[in-house]
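A short reminder: the numbers here are calculations on the coordinates, not readings from a lab. The model shown is predicted, which means the values in this text are computed figures rather than measured ones. Backbone-built Cβ (ideal geometry, glycine too); neighbour counts: all protein chains shown.
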Amino acid sequence: MNRTITTRKLETIEEMRLIQNLEITVWGSEPIPVHQTYTAVHNGGLMLGAFDGEKIVGFSYGFTGFANGKTYLCSHMLGIQPEYQLMGIGKKLKEEQRKFAMEMGYDLMTWTFDPLESRNAYLNLSKLNGICSTYLENWYGEMEDGLNKGLPSDRFKIEWWITSERVENNWKPLIDSYDCPFEVGKSELGNPILEWDELHLSTNSDGIEIPIPEHFQVIKKNEPQLALDWRLKIRKIFQTLFDAGYALVNVNRSTTGVHYYQAVKRDTIPLNISERGEVK
């Protein structure tokens with residue numbers, strides 16, 4: 001069915017309550033208190049809603065962040081009604097968020113996501129042109145919602161430099177082939193298994209590809225121990241690469257049940273430059 005999805009900025013108490021209902025539907029957990037979201041959106045924060053007619057079907061929520069002398073928009077949550085997912089609404093909300101953020105004077109937005117969720121990875125890196133060079137180990141502690149329960153809550157921190165050449169001109173690295181020092185096998189249930197030797201993870205390549213499963217939630221349900229194995233191995237790999245100066249810039253999707261992050265040296269990516277000549 002063709003639907004026309006519209007987006008708009010949300011600011012009233014009543015609109016904040018709409019978001020609470022959507023949070024419960026998407027995550028099955030307690031929503032953010034209205035007094036917090038209402039205060040945030042009137043003090044540098046931003047709440048956007050996506051609507052099918054008058055029905056709210058998605059939202060994004062961000063508040064002001066500050067670190068190392070710099071202010072940015074911390075995009076904390078993005079949720080879509082289950083029956084409206086895979087319709088491009090998430091990308092539409094992020095693009096609207098970028099537009100409003102620039103009007104508000106921001107040039108950087110950040111948010112977190114699970115490194116093993118391939119759909120989010122593709123949106124954040126390949127479609128939106130964010131970058132990632134920060135790994136947050138068990139960031140939220142033990143989580144009890146349906147998507148996160150049972151595993152350490154490791155996260156990537158995305159940086160979205162919304163006025164940079166990387167974003168405005170869809171910059172991609174000019175690398176003909178990426179090194180991939182990993183093998184992927186299969187379990188008895190047909191799920192991918194990551195196989196690698198720590199001693200052979202080179203940090204001298206121009207570009208490196210790192211595999212992740214296409215459907216991590218399936219693995220969590222039918223092989224939870226394998227899901228933990230993926231979590232712990234991926235943690236070590238990305239911590240090593242980020243310490244060596246790499247950043248993620250793309251996701252190479254395949255039809256094999258495995259997708260591949262693409263990493264390049266962070267200092268090769270055209271980002272915003274401060275007056276001191278440093279990458280902000």
TODO: Pull up all non-local amide H partners of W139: gap of 5 or more, or a different chain, and H-to-H distance under 5 Å with H placed in the peptide plane.
DONE: S153, D154, R155
Task: Cα-based reach from K94 at 17 Å (exclusive), listing lysines while leaving out same-chain residues under 8 positions away - done: K9, K127, K157
Task: Linear extension gain, V218 paired with H200, 0.36 nm per residue minus alpha-carbon span - done: 3.5 nm
Open item on the list: Give me the one-decimal nm value for the distance between modelled label points at F66 and L86, 7 Å along each residue's Cα-to-Cβ direction.
Closed with: 4.4 nm
Open item on the list: Please list, in order along the range 127-136, the HN-Hα scalar couplings obtained from phi with the Karplus expression 6.51 cos²θ - 1.76 cosθ + 1.60 (θ = phi - 60°), rounded to whole Hz, x for Gly and Pro.
Closed with: 8, 8, 6, x, 10, 9, 9, 10, 10, 10
Open item on the list: Less than 20 Å apart at the alpha-carbon level, and either on another chain or at least 8 residues along: which lysines does that give for K186?
Closed with: K220, K221, K233
- [ ] Quick one: which residues, 5 or more positions from M77 or on another chain, have an amide H under 5 Å from its amide H? H modelled 1.01 Å from N in the peptide plane, none for Pro or chain starts.
- [x] Y61
TODO: Give the long-range amide H neighbours of G58: residues separated by 5 or more places, or on another chain, with amide H under 5 Å away, using H modelled in the peptide plane at 1.01 Å from N.
DONE: A50, Q81
Open item on the list: With the alpha-carbon atoms as the only input, what is the per residue convex hull volume for the chain in Å³?
Closed with: 149 Å³
- [ ] Return I13, I208 ranked ascending by Cβ neighbour count within 10 Å, so the fewest neighbours appear first.
- [x] I13, I208
